[in-house]
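These notes concern the structure reproduced below.
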Amino acid sequence: MKEGIIIKSTGSWYKVRLDKGVTIDCKFKGKFKIKGIRTTNPLAVGDKVKVRVEEDEFGLITEIIQRKNYIIRKASNLSKESQIIAANIDIAFLVITIEYPTTHSGFVDRFLASAEAYRIPVHIIFNKTDRYNDEQLKQMNDWIAIYEKIGYPCHSISALNKSDVGKIKELIAANICVFAGNSGVGKSTLVNSIDATLNLRTDEISDYHNKGKHTTTFAEMFELNNGGFVIDTPGIKGFGVIDMQREEIFHFFREIFEESANCQYNNCTHTHEPKCAVKVAVEEGEISEQRYENYIKLYYDENDKHRVGY
Ligand code: GDP
Ligand code: ZN
């Protein structure tokens, strides 16, 4: 019995990486159930598995090692089934740009909230710093202050000039990573400047949500020469939308959640209640106004009720 990690899935076959870079094609029979959700695929890229190597150099997956996290999305718009995209993600890099294109803080905070819900650590990468004027640099530094204060590491880079790209590569070492962010922010440029042999499919799968087509898109994982893995999934902008009760959204704004312990009422929603500790913290500048406003927007979002993320 050997342990390995799934680096590619076709739905019926899995490519599993064993020790020392050896890969083996594997089959899996049976089902691994996740409580409460129906999935179209039992296993995904990033899953750590036990394999029984058969003759003819192929293997049978006999066991899945408990996932530390996973991301899923609906198999299609109307489907009740979900597809597991990837598992065991150590770092999600959220690539953003102050301009060219503008990344809105609402997008960032929704992304961070869904990452919290999935328990995936996020690092924020500010790209295209070579193009920023003083005002844009100031805005970037304001955002860095906001996000580092609540524990999200931030990095400012220029993927085009390869400036400060080395430190991103160091972070990937021995980890499973994914790059997310709006299209045009420089995800493919960055990944290519980290490792020119990687040629990721970063085109958006734009028809996916609009037409409700049943598209099966399988992620793949690439190994860097420093032992890290980068997940390649077509056009990963975020982690998909997560359904949740509006009353629980604040759990995924970590500084609001922390402060909520001091609220007067147990069921405080931190929206209108008098003597809400969260509101006091916002007034006193302890909690960022921008973050709080994005929380309020999510809470009252009528079109997209009870939903967080992308
Ligand atoms: P993706 O859609 O997120 O994968 O973005 P791309 O990597 O395709 O980049 C979109 C455009 O931004 C391309 O024209 C890149 O050359 C450009 N770009 C990427 N990174 C930088 C950067 O650091 N500085 C500048 N000035 N342009 C960049
Ligand atoms: Zn409150």
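Enumerate the helices (runs of 4 or more DSSP H) found wholly within the stretch 131-222, keeping only those where 3 or more residues are touching a Cys at 6+ places or on another chain (Cβ under 6 Å), on the phi > 0 side of the Ramachandran plot and modelled with pLDDT of 90 or more.
none
I need the full set of residues from the stretch 94-117 which are surrounded by fewer than 19 Cβ atoms within 10 Å (Cβ to Cβ) and over 17 Å from N294 (Cα atoms), in order please.
E99, Y100, P101
Rundown of residues vs (1) at pLDDT 95 or above; (2) not in a strand (DSSP E or B), yes/no style:
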position: I72; (1), (2): no, no
position: S82; (1), (2): no, no
position: A86; (1), (2): no, no
position: A92; (1), (2): yes, no
position: V95; (1), (2): yes, no
position: S114; (1), (2): no, yes
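Only residues that are over 14 Å from Y295 (Cβ atoms) and surrounded by 20 or more Cβ atoms within 10 Å (Cβ to Cβ): list them for the stretch 264-274, please.
none
Please count how many residues of the stretch 38-59 are in contact with a Cys (Cβ under 8 Å, 6 or more places away or on another chain) and free of Cβ contacts under 8 Å to residues at least 40 places away in the same chain.
Number satisfying all stated conditions: 1.
Give me a count of the residues in the stretch 180-195 that are more than 8 Å from ligand 1 (Cβ to nearest atom) and closer than 30 Å to S288 by Cα.
The total comes to 1.
Among residues belonging to the stretch 121-130 that are open to solvent by 10 Å² or more (accessible area, probe 1.4 Å) and outside any strand (DSSP E or B), point out the one that is farthest from G186 (Cα to Cα).
P121
Residues F257, F239: which one is open to solvent by 20 Å² or more (accessible area, probe 1.4 Å) and in contact with a Phe, Trp or Tyr (Cβ under 7 Å, 6 or more places away or on another chain)?
The match here is F257.
Is it fair to say D109 is in contact (Cβ under 8 Å) with a residue 12 or more places away in the chain and either within 26 Å of Y299 (Cα to Cα) or part of a helix (DSSP H, G or I) (or both)?
Criteria met by D109.
Across the stretch 149-197, what is the total count of residues that are under 22 Å from D109 (Cα atoms), more than 16 Å from the chain's Cα centre (by Cα) and either free of Cβ contacts under 8 Å to residues at least 40 places away in the same chain or within 16 Å of ligand 2 (Cβ to nearest atom) (or both)?
Matching residues across the stretch 149-197 total 3.
Say we look at the stretch 30-66 and pick out the residues that are modelled with pLDDT of 80 or more and assigned to a loop (DSSP other than H, G, I, E, B); which of these is surrounded by the most Cβ atoms within 10 Å (Cβ to Cβ)?
Among those that are modelled with pLDDT of 80 or more and assigned to a loop (DSSP other than H, G, I, E, B), it is G46.
Pairs only if they're at least six apart or on different chains, beta carbon under 6 angstrom, first in the stretch 236-261 and over 24 Å from K74 (Cα atoms) and touching a residue at least 60 places away in the same chain (Cβ under 8 Å), second more than 16 Å from ligand 1 (Cβ to nearest atom) and open to solvent by 20 Å² or more (accessible area, probe 1.4 Å); list them, first residue then second.
Qualifying pairs under 6 Å: R254/I150; E255/I150.
Could you please give the count of residues in the stretch 142-170 that are buried (at least 17 other Cβ atoms within 10 Å of the Cβ) and more than 16 Å from ligand 1 (Cβ to nearest atom)?
The qualifying residues number 5.
The values are calculated or read from the model by the stated rules, or taken from the named source; none is laboratory data. Fair warning: this is a prediction, and the values are worked out from it, not measured in the lab. So basically every Cβ, Gly included, is an ideal-geometry build from the backbone, and we count neighbours across all protein chains shown. Ligands, DNA and RNA are excluded from the accessible area calculation, which covers all protein heavy atoms including side chains. Shrake-Rupley method; radii C 1.70, N 1.55, O 1.52, S 1.80 Å.
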